[in-house]
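The structure under discussion appears below in the form of structure tokens.
The values are calculated or read from the model by the stated rules, or taken from the named source; none is laboratory data. Here the structure is a predicted model, which is why all the values come from computation and not from measurement. All Cβ positions, glycine included, derive from the backbone under ideal geometry; neighbour counts span all protein chains shown. What goes into the accessible areas is simple: the full protein's heavy atoms, side chains included, and nothing from ligands, DNA or RNA. Shrake-Rupley method; radii C 1.70, N 1.55, O 1.52, S 1.80 Å.
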Amino acid sequence: MESDSRLLELNDRYGNLTYLDRLKMLFDEFDSGEILVTTSFGSTSIALIHMINKVASRHPIHLINTGYLFKETLQYRDQLINEFDLNVLDVQPNERSHEFTRNHKVWEGNPDFCCFINKVDPLNALKKGKKIWVSGLLGFQNENRAGKKIFEESQGLLKFHPIIDMSQEDLNLYRTIYELPAHPLLYKGFGSIGCVQCTKKGVGRTGRWEGKEKTECGLHL
């Protein structure tokens, strides 16, 4: 567990760096084998994926494949793997537990439990032996994310948000400069893309868990 002074020191040193330089410094300061990278291959994922590929090509990038992802998300994953020669590892939930959520449509009555089985529990297994968890959260996405810092303590790991302070405008500019491919569902009105049952069209994350108080899957709370 990191001390408060250590977190302050890290946030101070990394705070004035560019997004790319933050990642460069991270891979210089920490053993790559202790660095866990996850992505959803969602609407904004390409920025972090592209930066990781520039700084540490072929570093493992983990996708929590819930079994409920849009076919377009899996096609997008394959497209990016082919275009950038990515080392993507699909992480699956426990088969029996997943089937329980499917058979009982758990997402309808208890979406938090569905997320725990299909996202949180598989991620917890990945954390073993790791010290740093790199995530592409963006502060503008919702209130929970707006308050996050570059480095935070998360269940015994250092959680690293290298692009947390990137604005929507900067994200759009980055994608334009590097001519990065967009998730195909963006063109169909999906501002944020998760599991099929819990994602509808909408600006930003308004289409996620529509009609429920839920705003996060549980990975980032």
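Things to note:
- Taking only the alpha carbons of segment 54-194, we obtain Rg and Dmax values of 16.4, 45 Å in that order.
- Taking a ≥ b ≥ c as the square roots of the eigenvalues of the Cα gyration tensor, segment 100-163 is oblate, since a/c reaches 1.5 or more and a/b is not larger than b/c.
- Remark: the Cα gyration tensor places segment 146-215 in the oblate category, a/c being 1.5 or greater and a/b not exceeding b/c.
- Couplings 3J(HN,Hα) for segment 107-124, derived from phi with the Karplus relation 6.51 cos²θ - 1.76 cosθ + 1.60 (θ = phi - 60°), are 4, 6, x, 8, x, 5, 5, 4, 5, 4, 5, 9, 10, 5, 4, x, 5, 4 Hz, where x marks Gly and Pro.
- Amide H contacts for residue 89 (H built 1.01 Å from N in the peptide plane; partners 5 or more residues away or on another chain; cut-off under 5 Å): 61, 62, 63.
- Beta bridges per DSSP with both ends in the chain, % antiparallel, nearest 5: 30 percent
- Spacing of the modelled spin labels on residue 30 and residue 203, each 7 Å from Cα toward Cβ, amounts to 3.5 nm.
- Greater than 29 Å apart at Cα, pairs in 71/119; 159/212; 105/149; 24/212; 24/201: 105/149; 24/212; 24/201
- Rounded if a/c under 1.5, otherwise prolate or oblate - segment 168-208, Cα gyration tensor axes: prolate
- Where 51, 25 fall by accessible area, highest first, once all protein chains stay in place (1.4 Å): 25, 51
- What the Cβ-Cβ distance of residue 54 and residue 128 gives, at R0 = 25 Å and to the nearest 0.05, is a FRET efficiency of 0.35.
- Remark: segment 125-132, residue by residue, has Karplus-estimated 3J(HN,Hα) of 5, 5, 6, 4, x, 9, 10, 10 Hz, where x stands for each Gly or Pro and the curve is 6.51 cos²θ - 1.76 cosθ + 1.60 at θ = phi - 60°.
- Whole-percent carbon and sulfur share, accessible surface of the chain, 1.4 Å: 49 percent
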